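Encoded as structure tokens, the structure appears first; notes follow it.
Every number here is computed from the coordinates shown, using simple stated rules; none is lab data. Because the structure is predicted, anything quoted here is derived from the model rather than measured. Don't worry about glycine lacking a Cβ; one is built from the backbone with ideal geometry, like all the others, and counts go over all protein chains shown.
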Amino acid sequence: MSPLTAYLHPKCSTCEQARQWLRGHGLAFVEKDIRTMPPTVAELRVMQKAMGGERKKLLNTSGLEYRQQGLAAKLPGLSDPAVLARLAGNGMLIKRPFVLGPGGVGLVGFDERKWAAALLQP
């Protein structure tokens, strides 16, 4: 399996749990700081598809940036391309950890059970 790409924030405790889980299971991954190197629009599209098309699942709705920008009120009027462009321009708007893998694997947030089902070979 080719390596995963894990977009993490250095000061996020959930990202640290995900990092340790990936390492603990011997999974190769490329780590990127979601703040300074956010996912591209193309990667966000892959993740949106993995999330069943629900763009809200990509958003860090509890984050300071999300609230400061008033995105809850703005989202209904924004197109998918506009939302994805906004996320690609500001990684702090993206729910994390954000992990992409081969074959359309996409995981947002850390849920050990879901991660094991998606990433560990039986």
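Structure above, values below:
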read-out: Gain on full stretching of the segment that runs from K57 to Q17 - 0.36 nm per residue minus C-alpha separation; value: 12.4 nm
read-out: Dipole axis of the chain (+1 Lys, Arg; -1 Asp, Glu on Cβ), positive-most option in G26, P102, P39; value: P39
read-out: Overall dimensions of the range 20-69 as given by Cα atoms, namely Rg and Dmax in Å; value: 13.5, 39
read-out: Under 19 Å from the Cα of K56 - aspartates and glutamates, other chains or at least 8 residues apart; value: E43, E65, D80, D111
read-out: Relative contact order, percent, the range 4-119 [alpha-carbon distance under 8 Å, six or more residues apart]; value: 36
read-out: Magnitude of the charge dipole, the chain, Cβ model with Lys/Arg +1 and Asp/Glu -1, debye to 20; value: 220
read-out: Loop trypsin sites (Lys or Arg not before Pro), the range 1-70 (other Cβ atoms within 10 Å of the site Cβ: 12 or fewer; DSSP); value: K11
read-out: Helix axis angle, 41-50 relative to the chain longest principal axis, alpha carbon, degrees; value: 70
read-out: The chain - mean residue ellipticity at 222 nm from DSSP helices (-39,500 (n - 2.57) per run, n ≥ 4, rounded to 500); value: -11000 deg cm²/dmol
read-out: Convex hull per residue volume in Å³, alpha carbons only, for the chain; value: 101
